[in-house]
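**Student:** Handing you a structure now.
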Amino acid sequence: MNVKINFHTATGGSAAVTVEKGTNLLEAAALAGVAVEGNCGGKGTCGKCKVRLLQKSPATPTGVERKLLSEEELAGGWALACQRVAETDMDVEVPEQSDAFRRKILLSEDDREIAVEPAVSKIELTLAPPTVEDQTPDLERLLGGLPGEHRIALSRRLLSELPQILRHEKFTVTAVLAEKGLIAVEPGRTGSRLYGVAFDIGTTTIMGSLHDLNSGKTLSLRAATNPQNIYGADVISRITYAAESPESLARMQGKVVEALNEIIRGLAAEAGIEKEQIYEATAVGNTTMSHLFLGINPAYLAPAPFIPAYRRPVRVEAAEIGLSINPGGEVVVLPNIAGYVGSDTVGVILATALDQRRRCCAVIDIGTNGELALATGGRILTCSTAAGPAFEGAQIKQGMRAADGAIEAVRIVNGEIQLEVIGNSVPRGICGSGLIDAAAALLKAGVIEPSGRMLDPETTGAHLPPSLRSRLRRGKGGFGFILAGEGEKEVVLTQSDLRELQLAKGALYAGLQILLQEAGLTRDDLDEVLLAGAFGSYIRKESAREIGLLPGIPLEKITPVGNAAGRGARAALISRTERARAFALPEQIEHVELSARLDFQKAFIDALSFEIK
């Protein structure tokens with residue numbers, strides 16, 4: 001028996017899906033193309049896949065729901081999508097992440113001047129029609145009208161359409177040429193309509209941008225949650241799932257392609273063009289995301305020695321992987337560097353011109369995964385660290401992405417807590433920038449020790465101002481600090497949250513230390529540190545330095561650069577010169593593998609303290 005699930009968002013969006021009775025709502029949402037947070041991959045441990053049932057459900061809450069949701073939430077119709085199954089037709093409200101997307105979009109805007117030299121071009125032709133005296137076949141007639149020598153990417157589709165296209169506008173047509181040759185023929189003069197898309201396929205968020213390949217201008221930008229998140233927030237969870245069977249891998253690949261196609265539809269509609277007028281796509285992502293996008297089994301990325309299936313750039317026809325652009329269009333995935341340093345890092349290096357710098361410069365891409373690059377004296381060194389998804393809100397008890405209701409900034413002034421909340425709404429959780437701010441503020445106020453331990457208000461914290469001491473409360477894993485609210489609406493920073501933050505920031509800091517060591521440098525030799533990614537652009541540099549996430553260098557040397565990976569994908573789309581640079585980068589880069597290095601382990605342990613200067 002099948003049942004229908006209608007998903008709704010607070011801003012009026014909706015999607016419906018028919019599923020077999022007994023399907024849980026997390027799976028149903030994935031089938032409907034609706035993004036629901038599922039950081040634990042549906043294991044029932046994170047409590048992040050909250051949805052609201054718009055009709056009273058006869059089902060009783062599960063033990064997991066009673067553990068992870070408050071009585072007030074349960075009474076208000078909230079449930080966990082991974083726990084609640086569809087027994088009848090249902091209407092379900094899903095929290096939106098629109099603010100997180102708006103921020104990502106703003107950080108992807110690029111005004112850098114790049115010489116426009118796309119790999120795709122159009123040539124408008126007016127051909128002589130055939131006669132009894134001139135019986136030249138249609139394809140040869142077309143090729144004969146093109147200037148110079150051109151290869152042809154022959155396809156049955158192109159050949160089957162060609163006779164009608166030539167005669168539609170009385171042999172006035174436009175030939176579309178790519179690096180592989182002729183990919184399309186269009187009736188009439190369409191030379192002014194030449195478009196491409198660039199994608200940054202992140203573990204958490206996918207960013208897409210539409211570009212006019214004649215001018216290089218960005219026409220529209222869109223972002224979406226990576227729907228693979230229902231299989232886990234981190235790459236290891238997704239590798240494990242994809243490796244289970246060919247069907248699992250196909251499901252993972254299908255999910256990301258569906259999301260890209262939805263972005264393409266939105267980009268095209270916003271710009272007022274047809275998606276068939278998009279003739280090329282470039283894509284970047286970490287090595288796992290790139291493999292999954294192409295449907296390549298990433299199984300051997302997880303265990304040492306972390307071997308990818310490929311490193312070089314990959315080109316595939318859009319139709320081969322189901323991407324909804326011109327069927328003859330090409331998808332170009334930029335090269336990877338190593339098992340855990342992917343084409344997104346290539347994009348970052350390209351966008352920041354790290355390979356062309358002569359001064360000592362480090363780039364830290366802070367996201368679900370942590371990648372670092374160091375340029376000095378003509379060398380580029382890279383590494384990756386197991387920072388974990390804490391900065392995106394995963395593994396944090398009340399962590400969330402940067403959406404309405406997320407605490408994004410915390411200060412303590414005269415013993416009183418001051419908060420900034422996205423959307424100026426009631427606090428319902430804390431995002432990565434708020435987490436770092438809170439840790440820095442509590443460290444400075446003496447509420448937590450440099451070791452990361454939260455004080456006991458009755459003993460070690462007895463000296464604290466009453467306004468702060470009253471916010472300390474004992475929990476299961478130690479003390480917690482109430483940042484906002486009261487009763488069921490409290491937002492609490494827990495001792496385990498601090499430990500997760502220490503692990504994440506310690507890994508990044510230690511990775512940078514090893515790169516500097518490999519180059520024979522110290523932090524004092526750094527002329528600049530660039531912070532890539534949305535998270536790196538919204539954290540307060542002072543707080544990040546205070547807790548030892550960033551090195552103790554002058555703040556003016558630390559510069560956020562936004563979504564550099566996405567801008568690198570754009571550069572490779574509109575410029576053959578930039579693309580050639582990207583293709584050559586892996587051969588110029590020295591990758592430093594940290595996993596088996598004892599000096600990294602020591603640096604990591606030393607970096608766990610909040611008091612690194």
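**Student:** Using packing as a proxy for protection, rank 338-348, 243-253, 258-268 so that the peptide with the highest average count of other Cβ atoms within 10 Å comes first. Don't skip to the answer; put the middle values down first.
**Tutor:** Numbers: 338-348: 28.7, 243-253: 14.8, 258-268: 19.5.
Peptide ranking by packing, descending: 338-348, 258-268, 243-253.
**Student:** Looking only at the chain, where both bridge partners belong to it, what percent of the DSSP beta bridges are antiparallel (to the nearest 5)? Walk me through the intermediate numbers first.
**Tutor:** On the way: 72 of 105 bridges.
The antiparallel proportion sits near 70 percent.
**Student:** Could I ask something else about it? Which percent of the accessible area of the stretch 196-342 is formed by carbon and sulfur heavy atoms (probe 1.4 angstrom)?
**Tutor:** 52
**Student:** If you roll a 1.4 angstrom probe over the protein chains with everything in place, what fraction of the accessible area of the stretch 395-525 belongs to carbon and sulfur, to the nearest %?
**Tutor:** 47
**Student:** Continuing with this model, one more query. To test your reading of the geometry: what angle, between 0 and 90 degrees and rounded to tens, separates the Cα axis of helix 246-271 from the longest principal axis of the chain?
**Tutor:** With both axes taken from Cα atoms, the answer is about 80 degrees.
**Student:** So, how do all the Cα-to-Cα distances of the stretch 182-303 break down into 10 Å bins, in percent, from 0 on up?
**Tutor:** Reading the bins upward from 0: 13, 40, 27, 16, 4, 0.
**Student:** While we're looking at this one, here's another question. Could you give me the percent of Cα pairs per 20 Å distance bin for the chain, shortest bin first, beginning at zero and ending with the bin that holds the maximum distance?
**Tutor:** Each 20 Å bin holds this share of Cα pairs: 19, 49, 26, 5, 1, 0.
**Student:** While we're here: Any idea what Rg and Dmax come out to for the stretch 404-519 if you just take the C-alpha atoms, in Å?
**Tutor:** Taking only Cα atoms of the stretch 404-519, I get Rg and Dmax of 15.2, 53 Å.
**Student:** Quick one: accessible area per residue over the chain, 1.4 Å probe, rounded to a whole number of Å²?
**Tutor:** Per residue, the chain has 41 Å² of solvent-accessible surface.
**Student:** Using the Karplus curve 6.51 cos²θ - 1.76 cosθ + 1.60 with θ = phi - 60°, what ³J(HN,Hα) values do you get for each residue of the stretch 300-310, in whole Hz, with x for Gly and Pro?
**Tutor:** Rounded to whole hertz, the list is 8, 7, 6, x, 4, x, 6, 9, x, 6, 7.
**Student:** Ignoring everything except DSSP H segments at least 4 long, calculate the 222 nm mean residue ellipticity for the chain; use -39,500 (n - 2.57) per segment, divide by total residues, nearest 500.
**Tutor:** It comes out at -9000 deg cm²/dmol, rounded to the nearest 500.
**Student:** Mark the label point 7 Å from the Cα of K489 along Cα→Cβ and return the residues of the stretch 406-423 whose backbone N is within less than 11 Å of it.
**Tutor:** none
**Student:** Once the Cα atoms of helix 598-607 and of the chain are each reduced to a long axis, what angle between those two axes, in degrees from 0 to 90 to the nearest 10, is obtained?
**Tutor:** Relative to the chain, helix 598-607 is tipped by roughly 60 degrees.
The values are calculated or read from the model by the stated rules, or taken from the named source; none is laboratory data. Bear in mind the structure is a predicted one, so any value in this text is a computation, not a measurement. Glycine gets a Cβ as well: all are built from the backbone with ideal geometry, and neighbour counts include every protein chain shown. Accessible surface is based on the protein model in full, side chains and every heavy atom, while ligands, DNA and RNA are left aside. Shrake-Rupley method; radii C 1.70, N 1.55, O 1.52, S 1.80 Å.
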